[in-house]
1. Of Lys27/Lys70; Lys27/Lys66; Lys41/Lys68; Lys14/Lys60, which ones are farther than 28 Å apart at the Cα?
2. I want the local charge near Glu8. Using Cβ-Cβ distances under 15 Å, sum +1 for each Lys or Arg and -1 for each Asp or Glu among the other residues.
3. Between Thr48 and Ser2, what is the FRET efficiency for a Förster distance of 35 Å, r being their Cβ-Cβ separation, to the nearest 0.05?
4. How far apart, in nm, are two points set 7 Å out from the Cα along the Cα-to-Cβ line at Ser12 and at Val64?
5. From Cα pairs below 8 angstrom and at least 6 apart in sequence, can you work out the relative contact order of the chain, rounded to a whole percent?
6. Which angle between 0 and 90 degrees, to the nearest 10, do you get for helix 17-29 versus the longest principal axis of the chain when only C-alpha atoms count?
7. Below 14 angstrom from the Cβ of Leu32, what's the summed charge of the other residues (Lys, Arg +1; Asp, Glu -1)?
8. Given the peptides 63-73, 35-45, 17-27, arrange them by the average over their residues of other C-beta atoms within 10 Å, most packed first.
Amino acid sequence: MSVAKVIEIIASSKKSFEDAVMQGIAKAADSLHDISSAWVKEQSVKVTNGKVSEYRVNLKLTFVLKDKPKVVTKPSKTKKK
C-alpha cells in the first residue's frame, strides 16, 4: 500500500509560466522525494510599468510517503540465576 501527500507551492520566473513550473518542481525536489505529479492550480503575472515583469504559478505537488522500515527485534536472552 502506498500513501501520497499533496502540498501547494508558489513559484515564479522572469521568463515564462513554463519556466516557473520547472523552477518550482526543481526546488521542491531538493527536499521532497518521489514527486509523482504536479497540477497548475493558478497562474498570475506581476506587472511593472505596464509590462509583465514576472510569471507566477501556484502548484499542487503530489509525492509518495515512504514506509517506515520494519524493525525486527530478536528476543533478548536473559540469564537465569
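1. Lys27/Lys70; Lys41/Lys68
2. Cβ neighbours under 15 Å give a net charge of +4.
3. Plugging the Cβ-Cβ distance into 1/(1 + (r/R0)^6) gives 0.20.
4. 3.5 nm
5. Relative contact order, the chain: 39 percent.
6. So the inclination is approximately 20 degrees.
7. Residues close to Leu32 contribute a combined charge of +1.
8. 17-27, 35-45, 63-73
Every read-out reported here was derived from the displayed coordinates using simple, explicitly stated rules and does not represent laboratory data. Note that the structure is a prediction, hence the values are computed from the model and not measured. With ideal geometry, Cβ positions are generated from the backbone for all residues, glycine too; neighbour counts draw on all protein chains shown.
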